[in-house]
Amino acid sequence: MAHQAHAYHMVDPSPWPLTGAIAALLMTSGLAIWFHFHSTVLMTLGLILLLLTMYQWWRDIIREGTFQGHHTPPVQKGLRYGMILFITSEVFFFLGFFWAFYHSSLAPTPELGGCWPPTGITPLDPFEVPLLNTAVLLASGVTVTWAHHSIMEGERKQAIQSLTLTILLGLYFTALQATEYYEAPFTIADGVYGSTFFVATGFHGLHVIIGSTFLAVCLLRQVQYHFTSEHHFGFEAAAWYWHFVDVVWLFLYVSIYWWGS
Amino acid sequence: MFRHLRTLQQVSRRTLSSSARRQLENKVPVKQKLFQEDSGMPVHLKGGTTDALLYRATMALTVFGCGYVLYALTDAALPKKKD
């Protein structure tokens, strides 16, 4: 049996990059077909393929790391760089939407009434549900840190409890934001105020759902003894992503909800 | 009545805790042995039959999707004669 004489991970050939690429093709073409011909078949097929790809690809990474031991220190370092670079790219993604918001709100045009919020828009009170949402996410930042320390100290039950609490807080935020969306006196079609508000907060909400899902996967793995007190990078990556989501909310709250009202 | 409730509480605690202990057994060493077997299988198929089924389903959707998108886009690009 051949053994490698280096600490790096030469991965087995995998079909998931191909299926993922086809899924992207199907979703984008499907979007165009939906807009022009009112059929959602292609787009739905793309979404199913995307979910299958993600499940199997990440399942394989867990097998390679936890079951096959391929995630040596240099490999883990690469994974850390990868996650940091990915989060950085997401920061730039949100920067664009903040740019759009400040572009329109710092110098409101005559069409808006020369003021911000524009004439006719009743903004949400920043000291009601949005403030509660801020508290919920800040608390979840504390609980996820508590979970990390529990894992590092080998406290299995506490890790499970604090991680569960973090996920519940994330779900609570999503539920609160959903009711806010339903009750809001303005819509996405209400000029540039509506566009900037719903696109920025909408993408943030999507990231909360993604982050909560990532944390839920970590919870399942923690229950199944995948994490050790020294090696639990999957959890660390989820925690970094969660802190990023929290920070984006703080910027959204201060800029759009508070200053923007 | 309250004695019955107490008994129910004790029984469910005992049952739940013992079954919970059975379910939450550490299966990582078993998985490690399975995935480190020198079977020559790539990691995406090494788990067994379920892996192969899921892979085949995914690939079938991929191939079908490729064909369908080519058809859909060609059809969308061709001018339609109105009667």
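Annotation note: of A:Phe35, A:Phe101, A:Phe92, the sole residue that is over 30 Å from B:Val30 (Cβ atoms) and under 19 Å from the mean Cα position of the chain (by Cα) is A:Phe92. Just one of the listed residues (A:Tyr8, A:Tyr55) is assigned to a helix (DSSP H, G or I) and not acidic (Asp, Glu), namely A:Tyr55. Please work out which residue is nearest to A:Ile61 (Cα to Cα), limiting yourself to region B:33-53 and to residues that are surrounded by fewer than 17 Cβ atoms within 10 Å (Cβ to Cβ) and facing chain A (nearest Cβ under 7 Å). Of everything passing the filter in region B:33-53, B:Pro42 is nearest to A:Ile61 (Cα to Cα). Considering only residues in region A:122-178 that are of a type in the set (Asp, Glu) and touching a Ser or Thr at 6+ places or on another chain (Cβ under 8 Å), the one that is farthest from A:Val245 (Cα to Cα) turns out to be A:Glu153.
Condition check: closer than 17 Å to B:Val69 by Cβ, surrounded by fewer than 19 Cβ atoms within 10 Å (Cβ to Cβ) and of a type outside the set (S, T, N, Q). Does A:Leu31 satisfy that? Against the criterion (closer than 17 Å to B:Val69 by Cβ, surrounded by fewer than 19 Cβ atoms within 10 Å (Cβ to Cβ) and of a type outside the set (S, T, N, Q)), A:Leu31 qualifies. In the set (1) within 30 Å of A:Phe227 (Cβ to Cβ); (2) facing another protein chain (nearest Cβ under 8 Å), A:Ile33 fails one condition alone, (1). Of all residues in region A:36-66, those that are facing chain B (nearest Cβ under 8 Å) and touching a residue at least 60 places away in the same chain (Cβ under 8 Å) total 1. When you scan region A:56-108, how many residues do you find that are acidic (Asp, Glu) and either within 30 Å of A:Val199 (Cα to Cα) or in contact with a strand residue (DSSP E or B) (Cβ under 8 Å, 6 or more places away or on another chain) (or both)? Looking only at that region, the number is 1. Exactly one residue among A:Ser105, A:Ser89 is of a type in the set (Ser, Thr, Tyr), surrounded by 14 or more Cβ atoms within 10 Å (Cβ to Cβ) and assigned to a helix (DSSP H, G or I), and that residue is A:Ser105.
Taken together, the criteria exclude A:Leu18 from residues that are within 10 Å of chain B (Cβ to nearest Cβ) and surrounded by 17 or more Cβ atoms within 10 Å (Cβ to Cβ). When you look at A:Tyr8, is it within 9 Å of chain B (Cβ to nearest Cβ) and of a type outside the set (A, V, I, L, M), yes or no? No; evaluated as a whole, the condition is false for this residue.
Buried (at least 17 other Cβ atoms within 10 Å of the Cβ), of a type in the set (Val, Ile, Thr) and modelled with pLDDT of 95 or more: is that true of A:Thr53 in this structure? Answer is yes for this residue.
Only residues that are modelled with pLDDT under 95 and not in a helix (DSSP H, G or I) were counted across region A:13-38, and they come to 1. Does region A:70-84 contain any residue that is within 23 Å of A:His232 (Cα to Cα), in contact (Cβ under 8 Å) with a residue 60 or more places away in the chain and within 14 Å of chain B (Cβ to nearest Cβ)? Within region A:70-84, one or more residues are within 23 Å of A:His232 (Cα to Cα), in contact (Cβ under 8 Å) with a residue 60 or more places away in the chain and within 14 Å of chain B (Cβ to nearest Cβ). Take the conditions (1) over 17 Å from the mean Cα position of the chain (by Cα); (2) of a type in the set (Asp, Glu); (3) closer than 19 Å to A:Ile210 by Cα; A:Asp60 misses just one of them, which is (3).
The values are calculated or read from the model by the stated rules, or taken from the named source; none is laboratory data. Computed from a predicted model, the values in this text were never measured in an experiment. Don't worry about glycine lacking a Cβ; one is built from the backbone with ideal geometry, like all the others, and counts go over all protein chains shown.
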